[in-house]
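The values are calculated or read from the model by the stated rules, or taken from the named source; none is laboratory data. Note that the structure is a prediction, hence the values are computed from the model and not measured. Using ideal geometry, Cβ is built from the backbone for each residue, glycine included, and neighbour counts are taken over all protein chains shown. In case anyone asks, the SASA skips ligands and DNA or RNA and just uses the protein heavy atoms, side chains included. Shrake-Rupley method; radii C 1.70, N 1.55, O 1.52, S 1.80 Å.
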Amino acid sequence: MKKVDFKALILFENEDYLVINKPPYLSSLDDRHEAQNILDLAKMHTADAQLCHRLDKETSGCLVIAKNPTAYRHLAMQFENRKVNKVYHAVVEGIKEYEQLLVDRNLIASAKGVAKVSKEGKPAQTVFHTMKTYRAHSLIECHPITGRLHQIRVHLAFLQSPICGDDLYGGKPLYLSSLKRRFNLKKETEELPIMQRVSLHAFSIGFEGLDGKEIIVNAPYPKDFQVLVNQLEKNS
């Protein structure tokens, strides 16, 4: 992965917080297999930087970084009290009409980092709302109330709406040939999925700053997610 320009990722900054648009494939914390990660890049920008939460390596979008210990504690309390408003966008399989549907299903994670619905698990709630339906897919707004491992992905799989490209939880990759009626691939060329990762983006985050004022930040879609949505629009 080429060197990341951290400053170009910043969506919002004040004396206490940074909100960045995390690119896909970049780990939030130290990853033995990668030369760079968000925390190290943030510390080069602000020495006392601490990540306030995490996003899966493949997931893009809003990630909040505290610039001092007081700011970190202030936001940690909001996460604990479920006062942080997070919105994700996901492209899922099938035509799904969800009207602020609450999924309240406990989740348990295995030692290998795979989550599943289980009565023995920890409480997990997500609200789903359909933004748009296409010919065989839907764009879903997801509001996680709790913050369990892979929560949105598992809850959507539970609804039989797996996220496109999420092979861990039953989502198939989405190919242009399945959308375009007259699609010709060059001979002896292997077709790649439109998006080569889980089709999930952390679109928005809202929380209270140290001055008591609300901070709301939206993250534009990265190129691969935007291309996917454009293709669905064109071929629906």
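Things to note:
- Amide H contacts under 5 Å for Gly61, placed H, 5+ residues apart: Lys22, Ala202
- Neighbourhood net charge (9 Å Cβ-Cβ; Lys/Arg +1, Asp/Glu -1) for Ala115: +3
- Per DSSP, loop trypsin sites (Lys or Arg not before Pro) in the range 88-187 with at most 12 further Cβ within 10 Å: Lys112, Lys119, Arg135, Lys180, Arg181, Arg182, Lys186, Lys187
- Amide H contacts of Lys132 (H built 1.01 Å from N, under 5 Å, at least 5 apart or other chain): Leu139
- Restraint check, Lys7/Lys116; Lys83/Lys116; Lys3/Lys132; Lys2/Lys172, Cα-Cα greater than 32 Å: Lys7/Lys116; Lys3/Lys132
- For the range 126-235, the share of accessible area belonging to carbon and sulfur comes to 49 percent (1.4 Å probe, ligands and nucleic acids excluded).
- Distribution of pairwise C-alpha distances over the range 21-149, 5 Å bins, in %: 2, 9, 14, 18, 20, 17, 11, 6, 2, 0
- Applying 1/(1 + (r/R0)^6) with R0 = 41 Å to the Cβ-Cβ distance of Leu185 and Lys213 gives a FRET efficiency near 0.20.
- For the range 1-93: rounded, prolate or oblate by the Cα gyration tensor [a/c cutoff 1.5]: oblate
- For the range 99-154 versus the range 1-79, the gap between their alpha-carbon centres in whole angstrom: 24
- Diffusion constant of the range 125-207 at 4 °C, which comes from Stokes-Einstein with the Kirkwood Cα-pair radius and 1.567 mPa s, µm²/s: 90
- Fluctuation leader among Ser177, Ser138, Ser204 - the chain, Gaussian network, Cα springs under 10 angstrom: Ser177
- Selection among Asn81, His45, Tyr25 by position relative to the dipole of the range 11-114 gives Asn81 as farthest towards the positive end (Cβ unit charges, Cα centre).
- Neighbour-limited loop hits for trypsin sites (Lys or Arg not before Pro), the range 1-42 (at most 11 other Cβ within 10 Å; DSSP other than H, G, I, E, B): Lys2, Lys3, Arg32
- Within-15-Å neighbourhood charge of Arg105 [Cβ basis; K, R +1; D, E -1]: +3
- Solvent-accessible area per residue for the chain (1.4 angstrom probe, square angstrom): 55
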